[in-house]
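Here the structure is laid out as structure tokens; the discussion comes afterwards.
The values are calculated or read from the model by the stated rules, or taken from the named source; none is laboratory data. It should be emphasised that the depicted structure is a prediction, and the values quoted were computed from it without experimental measurement. Cβ: placed from backbone, ideal geometry, glycine included. Neighbour counts: every protein chain shown. Surface accessibility is based on the protein's heavy atoms, side chains included, excluding ligands, DNA and RNA. Shrake-Rupley method; radii C 1.70, N 1.55, O 1.52, S 1.80 Å.
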Amino acid sequence: ADLFRLLAGRFDIRRALYPGSFVHVTPSFFFPVVVYVDTDRRCPAFFADRAVRTMVRRRRRYPGEPDIVFRHADYSGRLGEKPRSFDLLISQWAGPVGQRCRRFLKPGGLLLANDSHGDAGLAKLDPAYELVGVIDALGSRYRLSGSDLEGYFVPRSGRRLTRRQLLESGRGERYERSAAMYLFRRR
């Protein structure tokens, strides 16, 4: 929760898209509209459960009713959402979300990505994104920093990475300096 509290406190995020969400609804505690996307067969029943919506209603940190939408779909396909309609795109352990769902992110919108599947590295190589911050975990607390960003994404191997290499490997690279998560702004 601290991660999303941090983002909600620093940025005006009204609509978030969370591809590969599984049953993680914490973003709905802080953002009024969240669209969750996953192919797992257990997800439809979870998101249809009234107890889940009641829990979100009790824990929300904004006025009004939460708008929780679940799409039982592969995020690389059609989602029934308008292009450029989200303030935040969440990529956590789900593959190249930042690449496949970039069309849904508003210009100036934010991509929150870890690098477990190389998604942060792909965003760093993508001219449509600008690295604006790194997020480090300090226990269950998170800290956002926007300084010394040029020191990130320098491969330990010394080789120059390509988009193709990251997509083919399907995993993050070992960098000289890493963070728990990265924050990119869509240009």
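Where the centroid of each part is defined by its Cα atoms, how far is region 58-118 from region 27-45 in Å?
10
Top to bottom by accessible area (1.4 Å), largest first, where do T39, T54 land?
My answer, sorted largest first, is T39, T54.
Please report the base-10 log of the normalised intensity I(q)/I(0) for region 61-187, using a Debye sum with one equal scatterer per alpha carbon and no solvent, at each q in 0.10, 0.13 (1/Å).
These q points yield log10 I(q)/I(0) values of -0.33, -0.56.
If you split all Cα-Cα distances of region 4-125 into 10 Å bins from zero, what percentages do you get per bin, shortest first?
Going from the shortest bin to the longest, the percentages are 14, 47, 34, 5, 0.
Need one number: % antiparallel among DSSP beta bridges in the chain, to the nearest 5.
The answer is about 45 percent antiparallel.
Could you tally the net charge around R102, taking each other residue with its Cβ under 9 Å from the Cβ of R102, Lys/Arg +1 and Asp/Glu -1?
+2
With everything on Cα atoms, drop me the angle between helix 50-59 and the longest principal axis of the chain, reported from 0 to 90° to the nearest 10.
With both axes taken from Cα atoms, the answer is about 70 degrees.
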